[in-house]
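*Asks:* My structure is below; once you've seen it, I'll send some questions.
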Amino acid sequence: MGSVMLPHLPSGWHVDQAILSEEERVVVIRFGRDHDPDCMRQDETLFKIAERVKNFAVIYLCDIDQVPDFNAMYELYDPCSIMFFFRNKHIMCDFGTGNNNKLNWVLEDKQELIDIIETVYRGAKKGRGLVVSPKDYSTRHKY
């Protein structure tokens with residue numbers, strides 16, 4: 001349901017415009033495939049928090065099959081990736097996983113996702129290009 005309700009970016013131009021046009025809020029873009037089960041779960045969570053984060057973030061969806069323009073540039077090889085932008089700048093977030101460019105797993109905890117977006121917003125407002133996630137995800141998988 002979330003992927004139907006959230007705005008889609010149908011072309012590379014639309015992605016660029018979304019990133020360029022927003023001056024005061026974080027642009028959160030979920031790159032992935034709309035039909036992928038992981039993306040569907042992530043979209044549902046994003047839809048549920050969209051209203052709560054609307055003052056400091058705007059959420060978009062982008063299907064990497066329809067818009068392959070950014071796949072190589074942002075290394076979008078995962079089924080579902082979330083990236084953050086602020087004032088036309090990519091904001092990286094250290095999750096403790098080694099990949100600071102994007103959130104590339106499904107995060108279904110609404111409050112955790114809100115906390116991450118809020119942390120990105122606060123850091124970006126201060127001019128930081130890299131923020132540290134409020135939670136360390138390095139031990140997310142128990143081996």
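The values are calculated or read from the model by the stated rules, or taken from the named source; none is laboratory data. From a predicted model like this one, the values you see are computed outputs, not experimental measurements. Virtual Cβ from ideal backbone geometry, glycine too; neighbours counted across all protein chains shown.
*Asks:* Of the residues E51, E22, E75, only one is crowded, with 17+ Cβ neighbours inside 10 Å and over 13 Å from the mean Cα position of the chain (by Cα); which?
*Replies:* Going through E51, E22, E75 in turn, the sole match is E22.
Conditions (1) at pLDDT below 95; (2) touching a Lys or Arg at 6+ places or on another chain (Cβ under 8 Å); (3) charged (D, E, K, R); (4) crowded, with 19+ Cβ neighbours inside 10 Å, marked per residue:
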| residue | (1), (2), (3), (4) |
| --- | --- |
| D43 | no, yes, yes, yes |
| I64 | no, yes, no, yes |
| Q111 | no, no, no, no |
| V120 | no, no, no, yes |
| G123 | no, no, no, yes |
| K126 | no, no, yes, no |
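*Asks:* Now, a different point. Residues to consider are V15, V28, V67; find the one that is under 18 Å from I114 (Cα atoms) and in contact with a strand residue (DSSP E or B) (Cβ under 9 Å, 6 or more places away or on another chain).
*Replies:* V28
*Asks:* Have a look at V120, V131 and point out the one that is in contact with a Gly (Cβ under 8 Å, 6 or more places away or on another chain) and more than 19 Å from P79 (Cα to Cα).
*Replies:* V131
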